[in-house]
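Structure first, then comments.
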Amino acid sequence: NFVKEEKMPRGPRTKLKRLNAPSHWMLDKMGGIYAPKPSSGPHKARESLPLILLIRDRLKFALNGREVQSILMGRMVEVDGKVRTDKTYPAGFMDVITIPKTKDNYRLLLDAKGRYCVHPISKKESTFKLCKVVRVGIAKQGVPFLITHDNRFIRYPDPAIGINDTVKVSTVTGKITKYLKYATGNLAYATGGANRGRIGELRKIEKHPGSFNIVHIRDSAGKTFSTRGCNSFLIGPGHKSWISIPKGRGLKLSTYNDRKKRIKVHAMAKKGKNKRLNSMASKKKVNTEEDDEEEVEENEE
């Protein structure tokens, strides 16, 4: 009756199977066995996007991992104003990606389907980012501090700043320039749950002691949805946003309207492709006619 004991693996997991990777990475199932496992960093593994996927799959600056590694080791990519050379560094919500060589600036935001979209921004907008306050306290020797959603530890903040408030942080100095109180009437971004990626006005905050607070948000189309309070992120006072919003304006379309939109986009792309092919064919026809004329002239001579 000898039973063989199963040995547990030593240390933390170092690999990630492709089928277990987050769906918002949009990796193809047959592209291999493994997926890039995010390094430990400011964002959670399943709520982040590794730099290799950002550069290779989204921005299309590289064809494979080797090219991504050479780009990063050339110190050509900055995240929040700091050079990052780790290809599995976890970039997350509101992070600013700068590529000085091409003078491109991007902000990682969510689309209405809850997937990360690399939103292009201006140079002026790349100098700051918005952070949600997740903790406020007093450290040793009575130093007040706060911690943001991207794990920033900021000392001596304004005493009026509390948990769930939004602070505008400079990516150059790392200091707070503005803050926004967590209150109704402000513009909110849903960062989790079934409504992840939707944007609207914060209408109501329901407090449930001992459980999750529920917030009610109304989008620009007049539709109201609710989510947990921890999933809401304020991005501006009233109806004015401090950051530029990606295409779609955070509006979630119905299945019918989404299908209709995709069919229209596909038809336009097909029409453009056919037009391009027709122009190429007409050019080729003109060239062949000119060549025939030249041959006739040579034969007459």
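The values are calculated or read from the model by the stated rules, or taken from the named source; none is laboratory data. Quantities reported herein were computed from a predicted structural model and do not represent experimental measurements. Quick reminder, even Gly has a Cβ in these numbers, built from the backbone with ideal geometry, and neighbours come from all protein chains shown. Keep in mind that these areas ignore ligands, DNA and RNA; they rest on the heavy atoms of the full protein, side chains included. Shrake-Rupley method; radii C 1.70, N 1.55, O 1.52, S 1.80 Å.
Does ILE71 satisfy the condition of being open to solvent by 60 Å² or more (accessible area, probe 1.4 Å), β-branched (Val, Ile, Thr) and more than 14 Å from the chain's Cα centre (by Cα)?
Details: open to solvent by 60 Å² or more (accessible area, probe 1.4 Å): no; β-branched (Val, Ile, Thr): yes; more than 14 Å from the chain's Cα centre (by Cα): yes.
Answer is no for this residue.
For PRO12, indicate whether it is within 30 Å of VAL134 (Cα to Cα), touching a residue at least 24 places away in the same chain (Cβ under 8 Å) and either hydrophobic (A, V, I, L, M, F, W, C) or in a loop (DSSP other than H, G, I, E, B) (or both).
Numbers: within 30 Å of VAL134 (Cα to Cα): yes; touching a residue at least 24 places away in the same chain (Cβ under 8 Å): no; either hydrophobic (A, V, I, L, M, F, W, C) or in a loop (DSSP other than H, G, I, E, B) (or both): yes.
No, not satisfied.
Could you look through the range 15-28, keep only residues that are open to solvent by 100 Å² or more (accessible area, probe 1.4 Å) and in a helix (DSSP H, G or I), and pick out the one that is nearest to GLY192 (Cα to Cα)?
Among them, the one singled out is SER23.
Given the residues ILE235, ILE217, ILE243, which is the only one that is outside any helix (DSSP H, G or I), touching a helix residue (DSSP H, G or I) at 6+ places or on another chain (Cβ under 9 Å), open to solvent by less than 100 Å² (accessible area, probe 1.4 Å) and of a type outside the set (S, T, N, Q)?
Just one listed residue meets the conditions, ILE243.
Of all residues in the range 189-224 being among the polar types (S, T, N, Q) and in contact (Cβ under 8 Å) with a residue 12 or more places away in the chain, which is farthest from LYS247 (Cα to Cα)?
By that ranking, first place goes to ASN213.
List the pairs whose first member sits in the range 100-116 and is more than 13 Å from ILE55 (Cα to Cα) and open to solvent by 30 Å² or more (accessible area, probe 1.4 Å), whose second member is part of a strand (DSSP E or B) and not hydrophobic (A, V, I, L, M, F, W, C), and whose Cβ atoms are under 8 Å apart, counting only residues at least 6 apart or on separate chains?
These pairs meet every condition: PRO100/GLU78.
Taking the condition of being hydrophobic (A, V, I, L, M, F, W, C) and outside any loop (DSSP other than H, G, I, E, B), how many residues in the range 155-207 meet it?
Going through the range 155-207, the residues hydrophobic (A, V, I, L, M, F, W, C) turn out to be 160-161, 163, 167, 169, 172, 176, 180, 183, 187-188, 190, 194, 199, 202, 205.
With the extra rule that they be outside any loop (DSSP other than H, G, I, E, B), the set shrinks to 167, 169, 176, 180, 187-188, 190, 199, 202, 205.
Number satisfying all stated conditions: 10.
Could you check how many residues of the range 246-265 are assigned to a loop (DSSP other than H, G, I, E, B) and either closer than 19 Å to GLY222 by Cβ or of a type in the set (Val, Ile, Thr) (or both)? Walk me through how you get there before you give the answer.
From the range 246-265, those assigned to a loop (DSSP other than H, G, I, E, B) are 246-254; that's our starting set.
Right, trim to either closer than 19 Å to GLY222 by Cβ or of a type in the set (Val, Ile, Thr) (or both) and you get 248-254.
Number satisfying all stated conditions: 7.
Counting only residues that are open to solvent by 100 Å² or more (accessible area, probe 1.4 Å) and at positive phi, how many does the range 246-262 have? Give the derivation first.
The first filter runs over the range 246-262 and keeps only residues open to solvent by 100 Å² or more (accessible area, probe 1.4 Å), leaving 247, 249, 255-256, 259-262.
Keeping just the survivors that are at positive phi gives 249.
Number of matching residues: 1.
Condition check: at pLDDT 95 or above and charged (D, E, K, R). Does LYS140 satisfy that? Quick ask: steps written out before the conclusion?
Values: at pLDDT 95 or above: no; charged (D, E, K, R): yes.
No: the conditions fail for LYS140.
Just to verify a result, which residue in the range 220-255, among those that are among the basic types (Lys, Arg) and within 22 Å of GLU125 (Cβ to Cβ), is farthest from the chain's Cα centre (by Cα)? Step through it out loud before you land on a result.
Filtering the range 220-255 down to residues among the basic types (Lys, Arg) leaves 223, 228, 240, 247, 249, 252.
With within 22 Å of GLU125 (Cβ to Cβ) added as a condition, the list becomes 240, 247, 249.
On the way: LYS240: 21, LYS247: 13, ARG249: 14 Å.
If we take residues in the range 220-255 being among the basic types (Lys, Arg) and within 22 Å of GLU125 (Cβ to Cβ), then LYS240 is farthest from the chain's Cα centre (by Cα).
Considering the range 152-167 alone, what residues qualify as being surrounded by fewer than 17 Cβ atoms within 10 Å (Cβ to Cβ) and either over 23 Å from the mean Cα position of the chain (by Cα) or closer than 15 Å to LEU130 by Cβ (or both)? Don't jump to the end; show me each part of the working.
So the first thing to find is which residues in the range 152-167 are surrounded by fewer than 17 Cβ atoms within 10 Å (Cβ to Cβ), and the list is 153, 155-156, 158-160, 162-163.
Those that are surrounded by fewer than 17 Cβ atoms within 10 Å (Cβ to Cβ) and either over 23 Å from the mean Cα position of the chain (by Cα) or closer than 15 Å to LEU130 by Cβ (or both): ARG155, TYR156, ASP158, PRO159, ALA160, GLY162, ILE163.
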